[in-house]
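A.B. asks: Dumping the structure here so I can ask a few things about it.
The values are calculated or read from the model by the stated rules, or taken from the named source; none is laboratory data. Predicted model, so just to flag it, every value in this text is computed and none were measured. Note that we place each Cβ from the backbone using ideal geometry, even for glycine, and neighbour counts take in every protein chain shown. Keep in mind that these areas ignore ligands, DNA and RNA; they rest on the heavy atoms of the full protein, side chains included. Shrake-Rupley method; radii C 1.70, N 1.55, O 1.52, S 1.80 Å.
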Amino acid sequence: MGLIIAMVLPAVVGSLLIIGSRRINAGAAGFLALAAAAGALVATVAAAASGARIKRSWVADWGIGANFATDQISSPLALLTASITVLVVLHGLRHRPPGGSAGLYYGLLLLVELGALATFWTRDLIVFFIAFEIVLIPMWVLIHRFGDNHDPVARREAAIRFVLYTALGSSIMLTGILALVGQAGTSDMRQVLAAGLTSDTQLWIALLLVIGLAVKVPVFPFHSWLPPAHTIAPTAGSVLLAAVLLKMGTYGLIRLPLALTPDGFARVGPLLATLGVVGILWGGLICLVERDLKRLIAYSSVAHMGFVALALGTGSGLGLQAALIANVAHGVISALLFFVVGALKDRWGSVDLSVVRPALRESWPGLGVALMVGLAGSLGLPGLAGFWGEFLAIASAWNPQGSGAAAPIVWLQDAERIGWFAYSPLDALFEIDGIQIALTAGPPNAALIRGLAVAAALGAVLAAAYSLRVAKLIWMGDEAPRDWAGDVTPVEALVMAVLAIAIIVLGLMPYLIFSGPTPFGGVLR
Amino acid sequence: MTTSLISIDWRVLVPVLAPAIGALLVLLVDALAPRARGLHLPIGLAALGAGLGGLPYAVTTATPTRTLCLPGPDARCFYETGPTGLTLQLIALAGSLLVLLMLGPGTRHLDRMQRGGPAVTVGLVLAATTGAVMVVAARDLPTWLVAIELATLPAVALVALSRGRGAEGGALSLLMVSLTSFAFLACGIGLWVLATGDASFSTDTLRVAFDDTPRHRVLLLSILFLLAGLGFKLSAVPFHTWTPQAFVVSDEPIAAYLATVSKAAAVGAAVVVLGPLVSVTAAGSDDGHSIRLVLGVLAAASMTLGNLVALRADDPVRLLAWSTIAQAGWVLAPLAMLTPTAVSASVAYLLVYVLGSLAVFAVTAAVHPRAEGAGERSLTAYRGLARRSPLLAIVLGLGLLTLAGLPPAVLGVVAKIVAITPVVATGQWWLVAILVANIVLGIAVYLRWLLYAVRPAPSITPGDTAESAPAPRLDPGLRIALLLLAAALVLLSLVPGLALGLAR
């Protein structure tokens, strides 16, 4: 029930808002959208807590099923999506970008939510692809209509580049999916698992899936759509892109190639890990010199997603844990940063770092604090959400088989403690419906993977360097008069506070995201 | 007693007879009561509706609907429809119905479209539809050839009678193509009879001819001729050049007719030819591979060239003409795999393409109210359409996204998946790569158009005529067609199984 409500509510309210966008006034549209988003969040929590499952035939003649379920990998991301949507709609009540009617704006946000939730919950390969595509058009319109209107040509190009790049990626993924469905004879993920494909078949299917999803993540050579899209998109668009859309890519990597073609993925893994590390360094280096703050945060996203790719590429249980938490952590941190940068852009007109401005610490301390929490999270400060993902990613690359690095988590987690909605990723991944998946095919070349660990650690240093650069340029500075009127509005304060608290809570209690009796390194049952 | 030679089940023939009788009735009414201009459209709609009502919706592959059977134990039938045939007949009848609604002959519309008068227009549409419905079910060569020409020639007349400037020129090029195509088909048929010694599309005689080396060569030549002839009708590259010429000079509903019902007739003709080939080459032969390669190359060239040129077109109807060429490639790609599932995939894709195309053509008919000739229509006329007329914008968006294969038009996405599946299953990876590239190209083509519709009103230029123009007044027939198409696209996007299951 929760699943259906959480998907139907945004779909119906979103469509109605778009269709009736000329007739409904902004206030009513906002509250309707907020109600829908909040309802979807409640339903998502309920679904996550109850472990809901739907299984129905949809396009019966072609064997496609409306097959949805929650599990330990989906739920954190679904919750992230539903929460971020509430925040984004809330933010829109006071800070809606110009460019179109309120109904259209909220409707698009809700449709993006629908696509993301359906992607995270579906257990049918074909439906996964369709859900994956649902977000494209709403996001395209969001960037195109509501984006930064300084340069219409750049805006149009950024929007269309976003659509074409991601459509290319998902089409490649589609061929992988269709090959998989053809080989396995079913599009139900659980049954695909049982089909027992040969290792070579798995390799080329995994290759297609990884390349296709790498565009969405984005992994290094496929990332060039992200910075312009982020730079041009309105604040809500950037937040959704970073916190939700990129997660669809990493989630897809876990759900499709890793879970369904494990042998193939283990062989593609080193390549993925290498590209991830190149992305970490590339993104970090660009962040050191980038002048546009929004673009800088976008490149830092490339770097953070590089850590996820590295962690997944190690093919270890610990790496998987790292990827899961890095995913959620990046979602929360980048959402906060984009909210702050969006607020600054509204106030300053641009976020060019080379322009000298009054120090944030002095003039707008509210925004200043939010920015610092975001930057600290981004650089991986221990105690904040960003730390665990990066630390464990590097640890998993250094020693894929070991569990030594995980000691602090075990300690934090109070040994056997389980999160508030009971789940265990290892159970989900390594034993689904009685089918064993062993992800033990560790990296073939210890020297390579250790080299990658070292390089990724260097990347973490770069993250510290560029975060501090930003802090120095806009947060520190000479004394400036306190500007009460320009500081955070109540809505901004609420949104940013929620995200900042989430960053701290996840930093102190990472087991909220990965928990279970044997989190990692333990017995792969 | 010649009646006992062949058994006729009139009920089965209703889909073919209804439009044919309708056409006769229209001409009769025109002869007896020339003043009754308002009668023709209802007669036409009723005839097509009767045809739709007479379709055997419950038909399955195992037990096709048959009639015109010879007596005897191994009774051979000359009229046969299975699920794919049913789908194609449905497309032809429903497509014609919508085109007639858009044309609205005899109503206010008449003055701006179609010079011949309502009786001529309705009669021609019904006649061409009869051919399109018949060709799918024809199992003997002469009927097949007559039917395919019956589907083509009235369409030539409809183009010639269009109001746009240069309509005669366009009709002439279409006529030349039809004649060339007819010549190819006639040669192909002659060679087919020579090779098989049988004037019908029968699997048994084909198999015998296939195994006999000298006859085998003649048969291959025959297939090549037939494919070339059908290539013209399908507007597959390199037989496509007539398409943009004929489309841009036609009234928009006539262009829609060429893009949809005529395509259904061409695909139907191709399915009839390829049907026996599918069962013969299923065992796996070299010829299967070479036919697959030839068709695959045609498909790849059509979609790539069509999309690339459509990307540059500014006249929306010209854009649609090239998009039709590209979509012909998408229909051909699964067909080229020569497997039974691939044939139904191709027909299912055609159904979705026809829905999307009709939606977009209906919007063009509404947006360009004067019969504008080539060079006068422009995509800029769609600026701010979402603000001026939400209905038109929604139908346009759904239609374009269906053609592009993007949600919220889930129907289009599922159609793309259905079309690619057989190609992946057969392992033609080079074609898969081209299909993937063309998904992206196609998205670029259709979003470019959609961009104009969703573009915010340019408030800086108050004198912009396109912007200050009031919402176009819709004729009742056109409005009904638009609403029907919107409802169909929304419904089928929620339950795509309804449409796609039909062809199975």
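A.B. asks: Quick one: residue B:425 ticks every box in (1) over 16 Å from residue A:181 (Cβ atoms); (2) in contact with a Gly (Cβ under 7 Å, 6 or more places away or on another chain); (3) facing chain A (nearest Cβ under 8 Å) bar one, so which box is it?
C.D. replies: For residue B:425, the failing item is (1).
A.B. asks: Kindly indicate which of B:146, B:133 is under 23 Å from residue B:200 (Cα atoms) and either buried (at least 24 other Cβ atoms within 10 Å of the Cβ) or modelled with pLDDT of 95 or more (or both). Give the derivation first.
C.D. replies: Numbers: B:146 fails: either buried (at least 24 other Cβ atoms within 10 Å of the Cβ) or modelled with pLDDT of 95 or more (or both).
Just a single option satisfies the conditions, and that option is B:133.
A.B. asks: So, in region A:353-382, exactly how many residues are under 26 Å from residue A:98 (Cα atoms) and either open to solvent by 40 Å² or more (accessible area, probe 1.4 Å) or free of Cβ contacts under 8 Å to residues at least 24 places away in the same chain (or both)?
C.D. replies: 2
A.B. asks: Name the residues in region A:438-454 that are open to solvent by less than 20 Å² (accessible area, probe 1.4 Å) and either modelled with pLDDT of 90 or more or closer than 13 Å to residue A:391 by Cα (or both), would you?
C.D. replies: Within region A:438-454, A:453 is the sole residue that qualifies.
A.B. asks: Something else about it: Considering (1) more than 13 Å from chain B (Cβ to nearest Cβ); (2) under 19 Å from residue A:253 (Cβ atoms); (3) open to solvent by 10 Å² or more (accessible area, probe 1.4 Å), say which one residue A:165 fails and leave the rest.
C.D. replies: (1)
A.B. asks: When the residues of region A:62-77 are narrowed to those that are open to solvent by 20 Å² or more (accessible area, probe 1.4 Å) and either within 14 Å of another protein chain (Cβ to nearest Cβ) or in contact with a strand residue (DSSP E or B) (Cβ under 6 Å, 6 or more places away or on another chain) (or both), which ends up farthest from residue B:414 (Cα to Cα)?
C.D. replies: Of everything passing the filter in region A:62-77, A:68 is farthest from residue B:414 (Cα to Cα).
A.B. asks: In addition: Can you name every residue in region A:180-211 that is closer than 23 Å to residue A:313 by Cα, crowded, with 23+ Cβ neighbours inside 10 Å and of a type in the set (Gly, Ala, Ser)?
C.D. replies: A:206
A.B. asks: I've got another one for you. Among (1) open to solvent by 40 Å² or more (accessible area, probe 1.4 Å); (2) within 14 Å of another protein chain (Cβ to nearest Cβ), where does residue A:59 come up short?
C.D. replies: (1)
A.B. asks: So residue B:162 fits all but one of (1) hydroxyl-bearing (Ser, Thr, Tyr); (2) in a helix (DSSP H, G or I); (3) out of contact with any strand residue (DSSP E or B) (no Cβ under 9 Å at 6 or more places or on another chain); what number is the exception?
C.D. replies: Of (1) hydroxyl-bearing (Ser, Thr, Tyr); (2) in a helix (DSSP H, G or I); (3) out of contact with any strand residue (DSSP E or B) (no Cβ under 9 Å at 6 or more places or on another chain), only one is false for residue B:162: (2).
A.B. asks: Can you tell which of B:409, B:419, B:393 is surrounded by fewer than 24 Cβ atoms within 10 Å (Cβ to Cβ), within 13 Å of chain A (Cβ to nearest Cβ) and not basic (Lys, Arg)? Even if it seems obvious, please write down each step before you answer.
C.D. replies: On the way: B:409 fails: surrounded by fewer than 24 Cβ atoms within 10 Å (Cβ to Cβ); B:419 fails: surrounded by fewer than 24 Cβ atoms within 10 Å (Cβ to Cβ).
Going through B:409, B:419, B:393 in turn, just one is surrounded by fewer than 24 Cβ atoms within 10 Å (Cβ to Cβ), within 13 Å of chain A (Cβ to nearest Cβ) and not basic (Lys, Arg): B:393.
A.B. asks: Something else now. Give region B:173-215 a look and list any residue that's touching a residue at least 60 places away in the same chain (Cβ under 8 Å), surrounded by fewer than 17 Cβ atoms within 10 Å (Cβ to Cβ) and farther than 30 Å from residue B:246 by Cα, or say none. Even if it seems obvious, please write down each step before you answer.
C.D. replies: First, pick out the residues of region B:173-215 that are touching a residue at least 60 places away in the same chain (Cβ under 8 Å): B:173-174, B:176-177, B:200-203, B:206-207, B:210.
The next check asks that each one be surrounded by fewer than 17 Cβ atoms within 10 Å (Cβ to Cβ); those that pass are B:176, B:202-203, B:207.
Within region B:173-215, B:202, B:203, B:207 qualify.
Every residue, every condition in (1) in contact with a strand residue (DSSP E or B) (Cβ under 6 Å, 6 or more places away or on another chain); (2) surrounded by 24 or more Cβ atoms within 10 Å (Cβ to Cβ); (3) among the small types (Gly, Ala, Ser); (4) within 14 Å of chain B (Cβ to nearest Cβ), yes or no:
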position	(1), (2), (3), (4)
A:79	no, no, no, no
A:94	no, no, no, no
A:97	no, no, no, yes
A:103	no, yes, yes, yes
A:107	no, yes, yes, yes
A:112	no, yes, no, yes
A:116	no, yes, yes, yes
A:120	no, yes, no, no
A:126	yes, yes, no, yes
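A.B. asks: Being under 23 Å from residue B:348 (Cβ atoms), in contact with a Phe, Trp or Tyr (Cβ under 7 Å, 6 or more places away or on another chain) and modelled with pLDDT of 90 or more: is that true of residue B:256 here?
C.D. replies: yes
A.B. asks: Related question: Would you kindly identify the helices (runs of 4 or more DSSP H) lying entirely within region B:250-362 that contain at least 2 residues that are without any contact (Cβ under 8 Å) to a residue 12 or more places away in the chain and either open to solvent by 10 Å² or more (accessible area, probe 1.4 Å) or on the phi < 0 side of the Ramachandran plot (or both)? Before you say what the answer is, go through the steps one by one.
C.D. replies: On the way: elements: B:252-281, B:286-310, B:316-335.
Fully inside region B:250-362 and qualifying: B:286-310.
A.B. asks: Picking from B:450, B:431, which residue would you name as being more than 8 Å from every other protein chain (Cβ to nearest Cβ), crowded, with 23+ Cβ neighbours inside 10 Å and under 21 Å from residue B:320 (Cβ atoms)?
C.D. replies: Working: B:431 fails: under 21 Å from residue B:320 (Cβ atoms).
Exactly one of B:450, B:431 is more than 8 Å from every other protein chain (Cβ to nearest Cβ), crowded, with 23+ Cβ neighbours inside 10 Å and under 21 Å from residue B:320 (Cβ atoms), namely B:450.
A.B. asks: For region A:213-221, does any single residue satisfy the condition of being farther than 25 Å from residue A:125 by Cα, away from every other protein chain (no Cβ under 14 Å) and either in contact (Cβ under 8 Å) with a residue 60 or more places away in the chain or open to solvent by 40 Å² or more (accessible area, probe 1.4 Å) (or both)? Write out each step before concluding.
C.D. replies: Kept after step one, since they are farther than 25 Å from residue A:125 by Cα, are these residues of region A:213-221: A:220-221.
Keeping just the survivors that are away from every other protein chain (no Cβ under 14 Å) gives A:220-221.
If we keep only those that are either in contact (Cβ under 8 Å) with a residue 60 or more places away in the chain or open to solvent by 40 Å² or more (accessible area, probe 1.4 Å) (or both) too, we end up with A:220-221.
Checking region A:213-221: at least one residue is farther than 25 Å from residue A:125 by Cα, away from every other protein chain (no Cβ under 14 Å) and either in contact (Cβ under 8 Å) with a residue 60 or more places away in the chain or open to solvent by 40 Å² or more (accessible area, probe 1.4 Å) (or both).
A.B. asks: Here is a further query. Which of the residues that make up region B:488-504 are within 8 Å of another protein chain (Cβ to nearest Cβ), of a type in the set (A, V, I, L, M, F, W, C) and open to solvent by 10 Å² or more (accessible area, probe 1.4 Å)?
C.D. replies: B:495, the sole residue that qualifies.
A.B. asks: Follow-up. Give me a count of the residues in region A:12-48 that are at pLDDT 90 or above, surrounded by fewer than 21 Cβ atoms within 10 Å (Cβ to Cβ) and within 14 Å of chain B (Cβ to nearest Cβ).
C.D. replies: The qualifying residues number 3.
A.B. asks: Modelled with pLDDT of 90 or more and in contact with a helix residue (DSSP H, G or I) (Cβ under 8 Å, 6 or more places away or on another chain), is that true of residue A:275? I'd like the intermediate steps shown before the answer.
C.D. replies: Values: modelled with pLDDT of 90 or more: yes; in contact with a helix residue (DSSP H, G or I) (Cβ under 8 Å, 6 or more places away or on another chain): yes.
It is true that residue A:275 is modelled with pLDDT of 90 or more and in contact with a helix residue (DSSP H, G or I) (Cβ under 8 Å, 6 or more places away or on another chain).
A.B. asks: Still on this structure: Restricting the first residue to region A:134-149 and requiring it to be in contact (Cβ under 8 Å) with a residue 40 or more places away in the chain, which pairs with a second residue that is of a type in the set (Phe, Trp, Tyr) and surrounded by 24 or more Cβ atoms within 10 Å (Cβ to Cβ) meet a Cβ separation below 9 Å and a spacing of at least six or different chains?
C.D. replies: Hits for this filter: A:139/A:162; A:142/A:105; A:143/A:162; A:145/A:105; A:146/A:105.
A.B. asks: I want to confirm something. Restricting to region A:474-495 and keeping residues that are open to solvent by 40 Å² or more (accessible area, probe 1.4 Å) and in contact with a Phe, Trp or Tyr (Cβ under 8 Å, 6 or more places away or on another chain), which single residue is farthest from residue A:94 (Cα to Cα)?
C.D. replies: Checking each candidate, the answer is A:483.
A.B. asks: Count, please, the residues in region B:404-449 that happen to be assigned to a helix (DSSP H, G or I), in contact (Cβ under 8 Å) with a residue 60 or more places away in the chain, closer than 17 Å to residue B:354 by Cβ and of a type in the set (Gly, Ala, Ser).
C.D. replies: 4
A.B. asks: From the list A:111, A:90, A:125, which residue is in contact with a Ser or Thr (Cβ under 6 Å, 6 or more places away or on another chain) and touching a residue at least 60 places away in the same chain (Cβ under 8 Å)?
C.D. replies: Values: A:111 fails: in contact with a Ser or Thr (Cβ under 6 Å, 6 or more places away or on another chain); A:90 fails: in contact with a Ser or Thr (Cβ under 6 Å, 6 or more places away or on another chain).
The match here is A:125.
A.B. asks: Among the residues of region A:142-162, how many are closer than 22 Å to residue A:96 by Cβ, of a type in the set (D, E, K, R), open to solvent by 70 Å² or more (accessible area, probe 1.4 Å) and within 11 Å of another protein chain (Cβ to nearest Cβ)?
C.D. replies: Total meeting the criteria: 1.
A.B. asks: Does region B:19-49 hold any residues that are farther than 19 Å from residue B:103 by Cβ and buried (at least 17 other Cβ atoms within 10 Å of the Cβ), and which are they? Show your work before the answer.
C.D. replies: Residues of region B:19-49 farther than 19 Å from residue B:103 by Cβ: B:20-21, B:24, B:28, B:31-35.
Listed by number, the residues that qualify are B:20, B:21.
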